[in-house]
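The numbers here are math on the coordinates, done by the rules we state, and not lab data. Every value quoted in this text rests on a predicted model; they were computed, and no experiment measured them. No Cβ is skipped: glycine too gets one built from the backbone with ideal geometry, and neighbour counts run over all protein chains shown.
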């Protein structure tokens, strides 16, 4: 009985993590280049809505995902314009986008589909779990069969994408020219500028990448997890992703660990509902729901690990000469 | 042989300030050429023109005999000019290798070129004895090593003309010696070095030729073996102003301030102030002379309560100033004000005024809790009256108390700050750079105000980079260099050469 | 002579209006794309929210809450702090007020019960903003992210608490109904023209709060220190301000104001504590603080504007199903964008215009 619980927790964790992973990796690119991205939430919602709608209308999840990428990137470019070219307040810009998208997605969903602000169920137009070859054969072997069939296999394509992106993001940040310039812009833009790197252009590119990555988070929520768009379905994922960045000290691998941790909490929460624990009794679901946010505050208070943000973050770059 | 660099009639103005006026001199190839002068002499501006940061208003720059129009630093780099700035342009959490590769990566995949760059860097380090590990992370390196990384960057980009801007300001004696070894090696390789500094000892030690600048002009060009520290000091500092302002005879009263063994270290453990001991008496002006960046700013910050010393104590009017037992200086300036210490800060716009507040609002800045009624509210009529009185007494123009202070000229802003501090009737007044950014017409009136304060019995400690100002105001002079007091002399022992030597880092013999 | 800086009337008046118009222009465009006429929608909105006395009553009722939310965000902004947590602080403030009422409403007369409840609201609101303020001052944790987290924690916490408060047999997820002593007097007693609206004395309290805010921020030495801290922290330190304390006290005041915002709807309208009663008012507060430039008059006008948007929006959504109330959340976001992040967008153009007219005058 206990094994069963742990097994489903592990699978749940893997299924919950991608929402945060895509958003966190998006935030990573933006923030490592020096731009604060509080607007992840809005981009997730926008892409969730657009991908669900397009997927429904075309009955093709891939077109939906593509559309989501387009919208999220467009929003990211608006943010980039305001933050980089206009040198406006990046925090205010992000909050503005989140609130605007919260309203607009509902209104448009209502306008197009008349279902009370949600999109219709995708049914067959969703992305389904991929069964790896040989799952049948291995299914009788006790642990390996489960591992192969339900943890490594049996996930949606976007889950694989999320996990495969991790080494790609890591490599890009640390071993590519773009990554080197990106990190320089976030730490000491004057040094980058003196070395002949265009700080503005690098940051714009970083925001574009952030827009693309973030869109998968929304597409995952709508097309994979639920099969439809629902008002405010991101439920703070955009902000939690920022806290995984703090937790992971803006490093890709550690950040992903943070995402898995939050995914774990989400999985445990469902399992804990109504379960009688020794001493404390049963913990109500609402209080368990709080855990990721409380953990974030603890991380932010510097109590979990010393966290150092990119030095130049949030400050618009003005050439000093 | 053509000189490596020749300046012909370079002029550059920033608004009303003439930073370079008709500057002409040449720098021989394969030599180490010093450019010496005090703050504001125009050295940095000239080098920025050479490096493409600024464009001269008129005049020509010739590289290897050819006139060049250098518009960007990339163009300067292409001409073989490299510059090591005073503030390093390094990304601290990256390796030396990454810092060098930044902007010159050679391709999308870093790994493909890393090995090649690393090899080249090691070769350069070998050749010039730079002793830097390309794989070290910059923030783990000492300041001296970081500077060598900057030099390494320039060599890697095939610089033939290397400009070093105040390189030894952040180095210890040993690191300075190592640096000079490296510069000698460069010279042997035929490279040209331009060394910008205010330190006379170094000029004498390493340069072949020296150009002296003052107030934007070239005032001397000599071959180092043919000159002396004294001659350079004289040229650097110039003749003091002749006219004297009226002052009461020197008759200092009781001791007001006693500074004992003040030490200040920064977060990295670098000593900013060492062994500071001196006293100050009522009715006297003690002026701290020195090139900026030698600890004067930090000393005034400590004495005004804006910063805590690492150790040491200060007695004011017989009582210890309350530094002990505090984690930081939060709120301390208010305490010091109440004790009777006034402060005209060095950086007026950053510390002394709120740019967007009106003149009237700024006249209570720092004293806001002294002008409130028992409900905590301001009595605007009284404040306005007081402000009008101050603006008239100090001749602040334009005479509009509601104007945002940011719109006033520097001189008038300073008058407001001084007026405000004077109005609080302090027992001691700390003044940082009293006439920085102040037009010539206002300088004399500010000096008169300060002398009047002195005659009324206030103890005044001021710091100034203008030796003429020190001469005009001081009863006693404290010379600081490298975070230490290098000399204390009464005004009648004022001697430009001697003070120049003390400012240049040479301790009293 | 060419001006390099915009005069006060431009930054204080012209720019905000241009920004607001930009937001409304984009909104109008979206309404048009939704198949409706922007001018007709505007007409319906103004009719419902301003011209109709009962509608005006509702407008002012909503504005009362918004004024408190706007004040909460504004006072924090004066110190340079961006308090996104007004929503959670208002929610928890509602709890504070409810606990006071549930304990005392049977024993205290109205004129005592109401102030006690208000103190409870302010206290609990301040409680909720204390930790983010403390962490910012002492540990440098950014107040934006911590207050956002506290919003979510509040939602979960209140969920738990309110479900525990549901009396036996009640379906509605809310506390029991308050006794009459905890009902705020309605304004339609004095001004019957407002008809059957929940407009209550909170409106007068809100105006009083605006006055107190104005006096404290611009006429007291504490307010002077507050503004100095927000404009230039270095100089504020020189002037003897205790920066750490200023940050914490400001956040406490901000939370208390947000908490007071709960009084209007919980004690003036519903008379019980219900799930999610703030319904986004805390976020509207952000828009109001930015649009009103943290000035009492600006806050008042912006709050009335938003009140009108909500009230008019409600009637508009009934007449035009393509323009649901959530449209106004979208408009809110646009206003925050144009009045906040892009506040200087028109500045260069305006400067050029001013210089052009000057040179033509001088010619």
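Averaging the sequence gap over all C-alpha pairs within less than 8 Å and six or more residues apart, then dividing by the number of residues, gives segment B:360-425 a relative contact order of 37 percent.
Here the calculated FRET efficiency for residue B:355 and residue B:9, from their Cβ-Cβ distance with R0 = 25 Å, stands at 0.10, rounded to the nearest 0.05. Rg and Dmax, both from the Cα atoms of segment C:47-137 and both in Å, are 16.2, 48. The alpha-carbon atoms of segment B:5-237, seen along their principal axes, cover 52, 37, 30 angstrom, with the largest extent given first.
Spatial offset of segment C:300-363 relative to segment B:447-507 amounts to 58 Å, using the alpha carbon center of each.
Radius of gyration (Cα atoms) of chain B, expressed as a multiple of 2.2 N^0.38 Å: 1.07.
Remark: mean inter-chain Cβ contacts per residue of A:237-245 equal 2, using a 10 Å Cβ-Cβ cutoff to other protein chain atoms. For an R0 of 45 angstrom, estimate the FRET efficiency from the Cβ-Cβ distance between residue B:143 and residue C:218 and round to the nearest 0.05. After rounding, the FRET efficiency stands at 0.45.
Quick one: Cα centre-to-centre distance for segment B:321-355 and segment C:42-69, in angstrom? Answer, in whole Å: 49.
With R₀ set to 51 Å, the beta-carbon distance separating residue B:409 from residue A:63 gives a calculated FRET efficiency near 0.20. Its DSSP H runs of at least 4 residues, each contributing -39,500 (n - 2.57), put the calculated 222 nm mean residue ellipticity of chain A at -21500 deg cm²/dmol, to the nearest 500.
Site pair residue C:40 and residue B:319 shows an inter-label distance of 7.8 nm when each label is modelled 7 Å from Cα along Cα→Cβ.
When you count the other C-beta atoms within 10 angstrom of each residue and take the mean per peptide, C:277-284, B:322-329, B:496-503 line up highest first as C:277-284, B:496-503, B:322-329. Annotation for residue B:395 and residue A:130: the two label points, set 7 Å from Cα along the Cα-Cβ direction, are 8.3 nm apart. Rounded to the nearest 500, the 222 nm mean residue ellipticity of chain B from helices alone is -9500 deg cm²/dmol, with -39,500 (n - 2.57) taken per DSSP H run of at least 4 residues. The slack between residue B:109 and residue B:169, meaning 0.36 nm per residue of separation minus the straight C-alpha distance, is 17.8 nm. Take the alpha carbon gyration tensor of segment A:25-144, find the square roots of its eigenvalues, order them as a ≥ b ≥ c, and report rounded if a/c is under 1.5; if not, report prolate when a/b exceeds b/c, else oblate. Cα axes put segment A:25-144 in the oblate bin. Expressed as a fraction of 2.2 N^0.38 Å, the C-alpha radius of gyration for segment C:260-343 is 1.17.
Restricting attention to chain B, close to 55% of DSSP beta bridges with both partner residues there are antiparallel.
Mean silhouette area of the protein assembly as shown, derived from the convex hull of its C-alpha atoms and averaged over all directions, reads 54.5 nm².
Evaluated at q = 0.14 Å⁻¹, the base-10 log of the normalised Debye intensity for segment B:360-425, with identical point scatterers placed on the Cα atoms, takes the values -0.37.
For chain A, the longest principal axis of the Cα atoms and the long axis of helix A:61-80 meet at an angle of about 30 degrees.
Mean per-residue shielding of peptide C:224-233 is 4, counting Cβ atoms of other chains within 10 Å of each Cβ. In chain C, the longest principal axis of the Cα atoms and the axis of helix C:110-139 are about 50 degrees apart.
Across chain B, Cα pairs under 8 Å and at least six residues apart give a relative contact order of 16 percent. Across segment C:1-157, the convex hull enclosing all Cα atoms gives 228 Å³ per residue. Sequence-distant contacts, meaning Cα pairs under 8 Å at least 6 residues apart, place the relative contact order of segment B:218-372 at 18 percent.
On a per residue basis, the convex hull of the C-alpha atoms belonging to chain C measures out at 168 Å³. DSSP bridge analysis restricted to the protein assembly as shown gives an antiparallel fraction near 60%, rounded to the nearest 5. Peptides C:204-216, B:455-467 ranked from most to least packed give B:455-467, C:204-216, packing being the mean of other C-beta atoms within 10 angstrom over each peptide's residues.
Decide, for segment B:32-98, between rounded, prolate and oblate: order the square roots of the alpha carbon gyration tensor eigenvalues as a ≥ b ≥ c, take rounded if a/c falls under 1.5, and otherwise choose prolate if a/b is larger than b/c, else oblate. Oblate, because a/c is 1.5 or more while a/b does not exceed b/c. The mean number of Cβ atoms from other chains found within 10 Å of a Cβ in peptide B:198-205 is 0, as a whole number. The Cα center of segment B:1-50 and the Cα center of segment A:107-124 differ in position by 70 Å. Decide, for chain A, between rounded, prolate and oblate: order the square roots of the alpha carbon gyration tensor eigenvalues as a ≥ b ≥ c, take rounded if a/c falls under 1.5, and otherwise choose prolate if a/b is larger than b/c, else oblate. Verdict is prolate for chain A. Sorting the segments B:176-183, B:364-371 by their mean number of nearby beta carbons within 10 angstrom, highest to lowest, gives B:364-371, B:176-183.
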